[in-house]
Amino acid sequence: MGQNLGRQAQPPYAPPRQPDSQEASLLLQLPADIFVLISQHLCPAGRMSLALTSKAAFNFLYEEARADLRLSHWPTLLPLLERLVGVGDQLYYCQFCNILHPFAVSTHPGPPSRSRSQNQTQPPSRCKNRQSFSPGSGSGYVIAYHHVRLAMNQHFYGAPCGIPLHQFERTHAVRSGAARWAQEWTARVVDHELLLCCAHTLTQGRETARAFRDAVNTGVYDICHHVGVHRGAQLQITFPKVAHHQGFELSDITSGQQRMQTVQGSCDVCLTDYQTTIAWREQGSGKSGAVWSLAITSYHQLGSCRSPYDPKWQAFAVERSRSRAVGRNQTLHPSGIIKDRWEAYEP
């Protein structure tokens, strides 16, 4: 059964509290019988995780923990191991394969690597993960689930686990028909959920609005799986009214001035808001200097990224026909709220 995005109000995901080194050392200073007694109150996965925290714990607990461990415990054990220094800085848990995959600290959203031995941007080729999103055909910015999980691992567990948010800060150029888009991506965590922002910019030297619109419509460019600027998009971005005109009268505009108009919108499937600004400005003299500029700033809320089956992530990364999410709850997430959350953020 599909899950509605935000069907029920839920408290923010609270990061697990990590014991400091002093607390950990005090735990290991307990008498062996007390230490073992405490471990017996843990589930098999928790007991194995505790056994792997230190050499002393390993000597006390490992053999018994291994005897109790079953394959069914792995989905609980592996995320616990992912938090440990020495594990979380080299491996991440893949729910698709139910194993720990290796990663490099340089991992970032990008196209599949030609040489996986040199660049671990993508998971191993045998990985069953096929959830990803790329804005615009041919974009070099491909966001897969392991990227967002690794970023949130560092948020919840601290460095060196996972990857830093600045790995999402990338610029790309995308050719779409006769148009060439520039992308600039940034990321931040708000209330323990990952938010992305992208500035999509298209600049075209055209004399009329119609010619500019034709240049845009010859390509296929999306800001999410559901919203795009082309006619075939599930939800087509509405151009500001100025774009429907045949251009401004040049005699009404003095050199150096510009005319612009902004329209805001949102996706009704995933948690994406966007702001579209189209402008005409004169550069130089005469019509040959006229430049049309289309800027779309998109804001995406992806959730806590603890599971690839989270409806927020599913709605963003999985095509609607394959997603478990059934749509955006406009009561809890009205149009513009994602943009407001991004702009209200204070480090």
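Just so it is clear, none of the values below were taken in a lab; they were calculated from the coordinates. Bear in mind that the values here come from a model prediction, so they are computed numbers and not experimental data. In this analysis, Cβ positions are derived from the backbone assuming ideal geometry, glycine residues included, and neighbour counts consider all displayed protein chains.
Remarks
- Fewest-first ordering of Ser39, Ser266 by other beta carbons within 10 Å of each residue's beta carbon gives Ser39, Ser266.
- Global geometry of region 18-102, whether rounded, prolate or oblate, following the gyration tensor of its Cα atoms and the 1.5 cut on a/c: oblate
- Potential extension, Gln236-Asp214 segment - 0.36 nm per residue separation minus Cα distance: 6.4 nm
- Sites Leu71 and Leu37, calculated FRET efficiency, Cβ-Cβ separation with R0 35 Å, nearest 0.05: 0.80
- Annotation for Lys128 and Glu184: the two label points, set 7 Å from Cα along the Cα-Cβ direction, are 4.1 nm apart.
- Relative packing of 95-102, 142-149, 291-298, which averages over residues the other C-beta atoms within 10 Å, highest first: 142-149, 291-298, 95-102
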